[in-house]
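The values are calculated or read from the model by the stated rules, or taken from the named source; none is laboratory data. Just so we're clear, the structure is a prediction, and the values are computed from it rather than from any experiment. Glycine also receives a Cβ, built like all others from the backbone with ideal geometry; neighbour counts cover every protein chain displayed. Just the protein is used for accessible areas: all its heavy atoms, side chains included, with ligands, DNA and RNA removed. Shrake-Rupley method; radii C 1.70, N 1.55, O 1.52, S 1.80 Å.
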Amino acid sequence: VNVVEMQHEVAQLPQSMPEVVHRFADGCYSREVTMLKGTLGVGALHKTNHHFILSKGMVLVKNGNVGEILSAPYHEITQPGDKRSIFAMEDSVITTFHVTDLTDVDAIGDLILGEEL
């Protein structure tokens with residue numbers, strides 16, 4: 001099952017929203033997501049490359065048809081076209097960093113996230 005198919009299946013299950021913290025600095029926006037152990041999230045399609053940091057926990061990540069287990073501390077660069085599912089094997093904290101002077105979270109989403117299928 002690829003990530004898009006998984007997203008359609010997961011949408012049928014009971015939903016919960018993770019804790020999200022938005023921070024702004026000169027020319028930089030960060031989005032910190034706390035995922036509790038046992039939760040599954042499916043991220044949006046990304047239009048930009050940006051930093052992706054797992055600062056706490058352990059997650060099973062699937063990007064396309066490739067899956068891997070990541071343990072904190074972990075740092076990678078998200079590429080345009082990436083779309084991930086993330087299963088929290090432990091309570092986990094993931095932060096992404098985006099280059100922008102915008103401070104409206106919805107406008108930033110329009111800038112960095114692609115059209116869903």
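Restricting segment 24-38 to residues that are within 13 Å of the chain's Cα centre (by Cα) and more than 18 Å from Asp104 (Cα to Cα), the residue that is surrounded by the fewest Cβ atoms within 10 Å (Cβ to Cβ) is Thr34. Within segment 1-23, the set of residues being exposed (fewer than 11 other Cβ atoms within 10 Å of the Cβ) and either modelled with pLDDT of 90 or more or part of a strand (DSSP E or B) (or both) comprises Glu19, Val20. Of all residues in segment 20-43, exactly one satisfies the criterion of being touching a residue at least 24 places away in the same chain (Cβ under 8 Å), basic (Lys, Arg) and either more than 10 Å from Ile94 (Cα to Cα) or in contact with a helix residue (DSSP H, G or I) (Cβ under 6 Å, 6 or more places away or on another chain) (or both), namely Lys37. Here segment 97-116 is the region considered, the condition is being β-branched (Val, Ile, Thr) and open to solvent by less than 80 Å² (accessible area, probe 1.4 Å), and the residue that is modelled with the lowest pLDDT is Ile112. Only residues that are in contact (Cβ under 8 Å) with a residue 12 or more places away in the chain and among the charged types (D, E, K, R): list them for segment 48-85, please. Within segment 48-85, Lys56, Lys62, Glu76, Asp82, Lys83, Arg84 qualify. Take the residues of segment 56-71 that are open to solvent by 50 Å² or more (accessible area, probe 1.4 Å) and among the charged types (D, E, K, R): which is farthest from Ser30 (Cα to Cα)? Filtering first and then ranking leaves Glu68. Only one of the listed residues (Ile77, Ile94, Ile53, Ile86) is surrounded by 13 or more Cβ atoms within 10 Å (Cβ to Cβ) and farther than 24 Å from Glu9 by Cα. That residue is Ile53.
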